[in-house]
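The values are calculated or read from the model by the stated rules, or taken from the named source; none is laboratory data. Just so it is clear, the model here is predicted, and its values are computed rather than measured. All Cβ positions, glycine included, derive from the backbone under ideal geometry; neighbour counts span all protein chains shown.
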Amino acid sequence: MASVVLERTGRLFISLQQIQEFPRMLTQAAPSMPGTVRDTEVPHYFRQSFVFTGYRPLHQHWRYYFLSIFQRHNETINIWTHLLALFIFLFKLLQLSAEVDFVRDPHSWPLLVLLVSSLTYTACSVAAHLLAGKSELCHYTFYFLDYVGVAQYQFGSAVVHFYYAVDEDLHRQVQGVFMPLAALLCVLSCLGSCCGNYCAHSQPSWVRNVAQVTPSALAYVWDSSPVFLRLWSWTSAREDPAMLYHIGQVVFFLSSGFFFTCPLPERCFLGRCDFLGQSHQLFHVLISCCTLSQIHATYLDFVGRRDLYRHLHGSYEAALFLGLYVFTLLACTLVMAFMRRRIQQTLDAKNKHN
């Protein structure tokens, strides 16, 4: 027994030594990492409104951008907020996997779609904020990837709201329309976001806002309509405990939408929010809280409304929605590939002209 304890203590000591070595290893790599620059030293398409410093220089080695996750720059908090959210959602997936039979219970597949789409959008967001600063082509490519992730999360939300949160009356009215329209809005949202980013620096800012916000807003209203109708008729938390979390997800989402469209507080505190306090950072935190509330609400609906959704949905519908999720993923990927090709052609023409 004593030898086992000593062996485990030795392993722990070695692990602690390895952890202590990590800052030294990072310091050795740091001299090759150039410092950040001002907004005037990067192309206009990299600049963020009311953020003047902390930009990473372009055309560095890929290692620089990966290691910049530990560097202080104006994207550091954006990276870490969604990286931490990614770990939290992964933990929720592992936690629920111990309680839910995702393999043999088809009625659990919409919940699985929500969890996977939550992991997807946070992972794509981390990749965009971490790697998009390498070049103009990388900027557009990784942010297009980010929009694919967001669109998939929109569709994942539509699936769980229609499958678990819908009431019988609404289901009767929209059962043949809800998911196909949700899939269409998902793809249009991805296309609108890509086009908005592509045209952002050649068109007025309102053009980008219309292209990006309008399809997403329409998708949110449609995808969340089952939740809105339940909120309208909700009477007691004892009768429907999931509604508290549904209220939370709505409040967090609307708050995140405000900070996504309004550059506050950096507009009021010029130069003081270049590292911490940007509106997009607050957007990340709030949308992550929205997703976490949504996962809790969906799980409570999955457990508490089983008789209702088994009555409303045949076992084949879960497989159909799973297939539709894959279809929208492929469609959004094609949109991303098409827009990236347009960008590549534009850049090639620009280089030939120069």
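Annotations
- Residue in the stretch 32-45 that is at pLDDT below 90 and either more than 30 Å from Ser135 (Cβ to Cβ) or crowded, with 16+ Cβ neighbours inside 10 Å (or both) present: yes
- Scanning the stretch 43-83 for residues being touching a residue at least 60 places away in the same chain (Cβ under 8 Å) and either hydrophobic (A, V, I, L, M, F, W, C) or closer than 30 Å to His296 by Cα (or both) gives a total of 13.
- Residues in the stretch 338-352 that are free of Cβ contacts under 8 Å to residues at least 40 places away in the same chain and under 10 Å from Thr141 (Cα atoms): Arg341 only.
- The stretch 209-225 residues that are within 15 Å of Val251 (Cα to Cα), paired with ones that are of a type in the set (Val, Ile, Thr) (beta carbon under 9 Å, 6 or more apart): Ser224/Val250; Ser225/Val166; Ser225/Val174
- Within the stretch 251-354, helices (runs of 4 or more DSSP H) holding 3 or more residues that are within 30 Å of Pro106 (Cα to Cα) and under 20 Å from the mean Cα position of the chain (by Cα): 279-304, 315-353
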